[in-house]
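Let me begin by presenting the structure, written as structure tokens, before commenting on it.
Please treat every number below as a calculation from the coordinates, not as lab data. The shown structure was predicted, so the numbers you read here are calculated from the model rather than taken from an experiment. Note: ideal-geometry Cβ built from the backbone for every residue, glycine included; neighbour counts use all protein chains shown.
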């Protein structure tokens with residue numbers, strides 16, 4: 001039975017910072033899910049704040065490497081999805097505050 | 001699902017010279033403004049020389065450098081032959097210098113410079129078309145790149161014919177060809193490229209999501225068609241067609257402005273950094289340019305047209321480009337020098353990589369200079385125009401200094 005929890009994986013990914021906005025991917029709300037099977041093979045489901053992000057491949061690699069640092073982890077697969085599309089309401093309060101709040105429409 | 005791997009990204013040593021040389025041409029163009037007066041005709045050779053210095057040396061140079069980086073991002077494929085950009089740079093740089101010398105000093109040089117610029121643009125447009133054929137993405141930005149490159153080819157061809165006409169090689173109606181040339185390059189290539197790229201870049205940097213793209217789609221079609229109508233109307237000298245084209249283009253620009261406003265309303269990042277301030281000034285200038293242009297079309301005197309073109313070129317195009325340089329250049333430097341260090345040591349944030357004081361000085365001097373110079377042109381006041389030019393020179397110097405610092409960061 002694998003002992004690695006979703007929370008542990010989220011904590012590991014929270015070390016990955018988006019260099020444009022300066023927040024980690026978890027507080028940005030970009031990590032949708034993290035699950036590990038019985039052999040501790042992990043699957044991370046995430047998105048990006050923009051589809052044309054030139055750092056797409058790199059961010060995926062950073063997330064994979066961050067989770068691979070966990071003791072006992074097996075293979076790590078990172079999938080980037082576009083549904084549901086990211087929006088600011090998915091971010092934590094401190095991010096919303098720092099960015100200047102939610103849009104005015 | 002797609003991936004922009006590091007293999008798709010051109011190296012910094014290929015792109016950085018475009019930005020450094022482009023900014024140098026911008027500084028030279030601002031200095032050259034001191035040689036002009038508040039009152040002139042756009043058909044003067046000296047004025048044509050300055051416009052080519054600004055458009056080829058600064059605008060095209062920066063757009064080409066930015067496209068080298070952005071085409072893989074937008075199209076989600078690598079360049080067909082990215083090394084061609086090593087050839088484009090010297091051809092465009094030398095061609096611009098020789099052409100400007102041709103306009104200012106020795107007209108016989110025009111066709112030589114024209115050939116170099118012609119070859120550089122043919123290479124750029126051909127490479128872009130071949131790369132476009134590789135992509136399966138058909139977003140509005142991709143379509144914009146295709147159409148704008150088509151107009152670039154038309155602009156180059158008409159420019160080349162004008163150069164031959166001025167050198168006495170062929171006999172043409174230069175005035176008609178000049179209108180077609182200006183409209184194909186300014187409206188067809190520059191405006192459409194800026195419209196397409198801004199639809200990708202502005203939501204990316206402002207984190208705006210979920211906006212309706214209908215206005216920009218209408219704007220894009222209207223501008224593309226409007227430019228085509230003016231182009232044909234100018235070549236065959238039919239004034240009515242030209243008028244229909246002007247109005248169609250203006251309505252298209254109106255839709256574009258509305259699209260930007262709708263994106264702005266959904267903007268998540270409210271921070272007024274150098275990029276946000278530059279966008280605000282740039283789009284305000286575009287609105288002012290449209291208003292001045294409409295007044296001119298309704299029968300006002302040529303200074304209204306001069307002021308309209310001034311705010312379009314210096315205010316809108318200039319600020320959109322310069323504002324984005326403070327985002328794009330730190331990213332390129334970060335990607336090259338710091339991305340391999342992520343997870344191994346502390347790396348800087350992108351906003352730490354540009355000199356904020358110099359950027360602010362650039363903004364305030366350049367915006368003041370643009371406003372003063374524009375008023376100077378409108379009321380044909382030489383002192384105001386020269387005052388504006390002086391402010392613009394100081395602003396351009398700060399841009400040059402901050403560009404050098406950004407490119408040296410972490411070296």
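Compared with the dominant principal axis of the Cα atoms in chain B, helix B:356-378 is inclined by about 10°.
Note down the Stokes-Einstein diffusion coefficient of the protein assembly as shown in µm²/s, whole number, using a Kirkwood radius over alpha carbon pairs, 4 °C, and 1.567 mPa s. Before the final figure, lay out each step's value.
Values: Rh = 24.1 Å.
The estimated diffusion coefficient comes to 54 µm²/s.
Annotation: the residues B:183, B:246, B:261, sorted from fewest to most other C-beta atoms within 10 Å of their own C-beta, follow the order B:261, B:246, B:183. Under a plain spin-label model, where a point goes 7 Å from the Cα along Cα-to-Cβ, how far apart in nm are residue B:129 and residue B:20? So the two model labels end up 3.3 nm from each other.
Under a crude label model (7 Å from the Cα following the beta-carbon direction), how far is residue B:271 from residue B:404 in nanometres? Once both label points are built, they end up 2.7 nm from each other. Packing here is the average count of other Cβ atoms within 10 Å per residue, and on that basis the peptides B:262-271, B:189-198, highest first, run B:189-198, B:262-271. Between the Cα long axis of helix B:274-297 and the first principal axis of chain B there is an angle of about 20°, rounded to the nearest 10. Available extension along the chain between residue B:44 and residue B:212 is 56.1 nm, counting 0.36 nm per residue and deducting the alpha carbon span. Counts of other chain beta carbons within 10 angstrom of each beta carbon in peptide B:127-135 average 0. The distance from the alpha carbon centre of the range B:172-237 to that of the range B:84-158 is 17 Å, rounded to a whole number. Between the beta carbons of residue A:32 and residue B:291, assuming R0 = 45 Å, the FRET efficiency works out to 0.45 to the nearest 0.05.
Taking label positions 7 Å along the Cα-Cβ direction at both residue B:250 and residue B:138, the computed distance is 3.5 nm, reported to one decimal.
Per-residue ellipticity at 222 nm for the protein assembly as shown, helices alone: DSSP H runs ≥ 4 residues times -39500 (n - 2.57), over residue total, nearest 500 deg cm²/dmol? Intermediate results must be reported in sequence, preceding the final value.
Working: 18 runs with 321 residues, N = 516.
Mean residue ellipticity, 222 nm, calculated: -21000 deg cm²/dmol.
Using a Gaussian network model on chain B with a 10 Å cutoff between Cα atoms, which of B:345, B:76, B:44 fluctuates the most? Highest fluctuation among the options: B:345. Please list, in order, the residues from the range B:282-320 whose amide nitrogen is less than 17 Å from a point placed 7 Å along the Cα→Cβ vector of residue B:243. Taking a point 7 Å out along Cα→Cβ of residue B:243, the residues of the range B:282-320 whose backbone N falls under 17 Å are B:294-301.
Using just the C-alpha positions of the range B:94-231 as equal point scatterers, what log10 of I(q)/I(0) does the Debye formula give at each q in 0.12, 0.20, 0.21, 0.22 1/Å? Evaluating at q = 0.12, 0.20, 0.21, 0.22 Å⁻¹ gives log10 I(q)/I(0) of -0.56, -1.15, -1.22, -1.28.
With respect to chain B, whose longest principal axis is taken over its alpha-carbon atoms, helix B:214-235 is tilted by about 30°. The antiparallel fraction among DSSP beta bridges confined to the protein assembly as shown stands at about 55%. Within 10 Å of the Cβ of each residue in A:56-64, the mean number of Cβ atoms contributed by other protein chains is 4. Here B:324, B:37, B:138 are placed in order of increasing Cβ neighbour count within 10 Å, fewest first, which gives B:138, B:37, B:324.
Counting, for every residue in A:83-91, the Cβ atoms of other protein chains within 10 Å of its Cβ and taking the mean gives 2. Using 0.36 nm per residue and subtracting the Cα-Cα separation, the extra length available between residue B:300 and residue B:169 on full extension is 43.5 nm.
By counting other Cβ atoms within 10 Å of each Cβ, how are B:372, B:140 ranked from fewest to most? Mind showing how you got there, number by number?
Details: B:372 21, B:140 16.
If I rank by nearby Cβ atoms, fewest first, I get B:140, B:372.
With the convex hull drawn around the C-alpha atoms of chain B, the volume per residue stands at 132 Å³.
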